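One structure below.
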Amino acid sequence: MSEQEKPQKISGIIGSLQQDKQLPSVIGTLHGGHGLEETSRKRQEAQIWLEEHPLEKVEEVIRLLTNTRGVKLAEETRMMFPNDAPPYRKTISHRVDGDAKDIIEVAKRVEKTMLCARPEKIEGWLVELDAITARRGISEFSTAVMLTAYTTRLQEYPADIARHVLFSCRWKFFPTWDELREKADTLKAARQAKINALLRAAEAKTIALGSLDAK
């Protein structure tokens, strides 16, 4: 693909996603807009979008957010071979390159994907999961208490991640909180690490530019 074709290719992808409501302005306008306005209505729109899209699609949007701002976010990974679990690839570090202002803008927009789901939505997911899994011999009262406890705890995670951990596995029995927490913590930490890497890179570049200006 030629250099002239690349911008047209990216523009086409963005246009397709926007038309399909997969890249709404509440997450961040890719063409230099103001992103998410800190209002209750905009926050809810962002929550609803995250609730309705799978984790894989949200991660795709994050990649597009960085690429279209000219920011390079690369991950250094390593294969891990635990004794009691299947092998997996772990992110060791991130490399970030780009203009400081663009990096900060991307970080702000990626932070919008950390919004949790609405309580009523989480409760609906839990009821659905309860209907398709076997019970562990608990009472109706315990089920009601568990619903409240799980809802409160799942609000500590991005909406798409909360939904992912509930439905991505073929649970035979309704999962314990430890089973869900382990998966959710890993996914949340990975996304937060991207945001932290972007912010650190922006800070380092800003300090470097300040030092040059002072000379």
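Taken together, the values in this text are just the output of simple stated rules run on the coordinates, not laboratory data. Just so you know, these numbers come straight off a predicted model, no measurement behind them. Positions of Cβ are backbone-derived with ideal geometry, glycine not excepted, and every protein chain shown enters the neighbour counts.
How far, in nm, would the chain grow between Ala189 and Ser93 when pulled straight, counting 0.36 nm per residue and subtracting the alpha carbon separation?
Stretched fully, the Ala189-Ser93 segment lengthens by 33.3 nm.
Equivalent ellipsoid semi-axes for segment 83-161, as square roots of 5 times the alpha carbon gyration tensor eigenvalues: give them largest first, rounded to whole Å.
36, 20, 9
Using R₀ = 41 Å, calculate the FRET efficiency as 1/(1 + (r/R₀)^6) where r is the Cβ-Cβ separation of Lys42 and Ala100; round to 0.05.
Computed FRET efficiency for Lys42 and Ala100: 0.95.
Determine the distance separating the Cα centre of segment 75-89 from the Cα centre of segment 104-170; give it in Å without decimals.
26 Å
What distance in nm lies between label points placed 7 Å from Cα along the C-beta direction at Met114 and Glu179?
Distance between label points: 2.9 nm.
Work out the FRET efficiency for Ile207 and Asn83 from their Cβ-Cβ distance, taking R0 = 45 Å, and round it to the nearest 0.05.
Rounded to the nearest 0.05, the efficiency is 0.55.
How do Asp160, Asp178 rank when sorted from fewest to most other Cβ atoms within 10 Å of their own Cβ?
Ranked by crowding around the Cβ, least crowded first: Asp178, Asp160.
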